[in-house]
Structures are given as structure tokens and as C-alpha cells.
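Visitor: Before anything else, here's the structure in question.
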Amino acid sequence: MKDIQTSLFPERNTAEFVQAVKNLTQEIQELYTEDDIPWILGYSGGKDSTAVVQLVYQNYRRRSALKPFM
């Protein structure tokens, strides 16, 4: 018999998920422009690191005029 794994994340509908991504994007923008320390991202090729790289890259494309990407 298999154990059922419960999710650590609340169930969301599409609108709630889109809002969560917008909130994360806003937080990334704020953190990225907060100081002059360059960011270094680790990338393993998995789902989590791919999502992080995608969010940061989208932010970079929107904000690249304000601070160069290192």
C-alpha cells in the first residue's frame, strides 16, 4: 500500500496562481534593485531551479535599463 503524500502548498485556482507569480516577480524586482551586489544563480536543470531562473530572467529583461545583469 502506498502512502499518500500531502502537499505543503495550498490549493489555488488559476487566478490565485497568476497573482502569486506577480507577487514573486515584484519581490524579485525589489530585491534586485536594492543594492549593487551582483546575483549568482545556481542551476541544476530541475523544475525548481528552472522556475527561479525563468522568474529572475524575466525580471532582468524588464529592468535591464536600470541595472546591468552580471
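Visitor: Note the angle between two axes, namely the Cα long axis of helix 47-63 and the longest principal axis of the Cα atoms of the chain, as a number of degrees from 0 to 90, rounded to the nearest 10.
Guide: Helix 47-63 sits at roughly 30 degrees to that axis.
Visitor: Still on this model: At a probe radius of 1.4 Å, what is the per-residue accessible area of Glu27, in Å² to the nearest 10?
Guide: Only protein atoms counted, so the area is about 100 Å².
Visitor: Whenever you get a sec, line up Val56, Val18 from highest to lowest accessible area (probe 1.4 Å, protein heavy atoms).
Guide: Ranked list, largest accessible area first: Val18, Val56.
Visitor: Here is a follow-up. How many times 2.2 N^0.38 Å is the alpha carbon radius of gyration of the chain?
Guide: Compared with the compact-globule rule of thumb, the chain sits at 1.41.
Visitor: Further, regarding this structure: In whole percent, how big is the carbon plus sulfur part of the accessible area of the chain, probe 1.4 Å, protein atoms only? Working shown, then result.
Guide: On the way: 3640 of 6400 Å².
Roughly 57 percent, rounded to a whole number.
Visitor: Top to bottom by accessible area (1.4 Å), largest first, where do Tyr43, Tyr57, Tyr32 land? Don't skip to the answer; put the middle values down first.
Guide: On the way: Tyr43 140, Tyr57 105, Tyr32 10 Å².
Reading off the accessible areas and sorting them downward yields Tyr43, Tyr57, Tyr32.
Visitor: Under the rule of -39500 (n - 2.57) per DSSP H run of 4 or more residues, summed and divided by the residues of the chain, what mean residue ellipticity at 222 nm is obtained, to the nearest 500 deg cm²/dmol?
Guide: Values: 2 runs with 37 residues, N = 70.
Helix contribution divided over all residues of the chain: -18000 deg cm²/dmol.
Visitor: Another question, then. Relative to the longest principal axis of the chain, what angle (0 to 90°, nearest 10) does the C-alpha long axis of helix 14-33 take?
Guide: Value to nearest ten degrees: 30.
Visitor: Roughly how many Å² of Asp48 are accessible to a 1.4 Å probe, to the nearest 10?
Guide: 130
Visitor: Mind checking the dipole of the chain: about its Cα centre, +1 per Lys or Arg Cβ, -1 per Asp or Glu Cβ, Debye to the nearest 20? Present the calculation step by step, with values, prior to reporting the outcome.
Guide: Numbers: 8 positive and 9 negative charges, 69 e Å.
So the dipole magnitude of the chain works out to roughly 340 debye.
Visitor: Moving on. Want the number for Tyr57 to Ile4: 0.36 nm per residue separation, take away the alpha-carbon distance, what's left?
Guide: Values: separation 53, 0.36 × 53 = 19.08 nm, distance 3.53 nm.
So the chain would gain 15.6 nm between Tyr57 and Ile4.
Visitor: Mind ranking Leu31, Leu8 by accessible surface for me, highest first, 1.4 Å probe?
Guide: Leu8, Leu31
Visitor: Further, regarding this structure: At Glu34 and Arg12, where each label point lies 7 Å from the Cα along Cα→Cβ, what is the point-to-point distance in nanometres?
Guide: Roughly 2.0 nm, to one decimal.
The values are calculated or read from the model by the stated rules, or taken from the named source; none is laboratory data. Computed from a prediction, not measured in an experiment: that's the story for all the values here. Using ideal geometry, Cβ is built from the backbone for each residue, glycine included, and neighbour counts are taken over all protein chains shown. We work out accessible area using only protein heavy atoms, side chains counted, and drop any ligands, DNA or RNA first. Shrake-Rupley method; radii C 1.70, N 1.55, O 1.52, S 1.80 Å.
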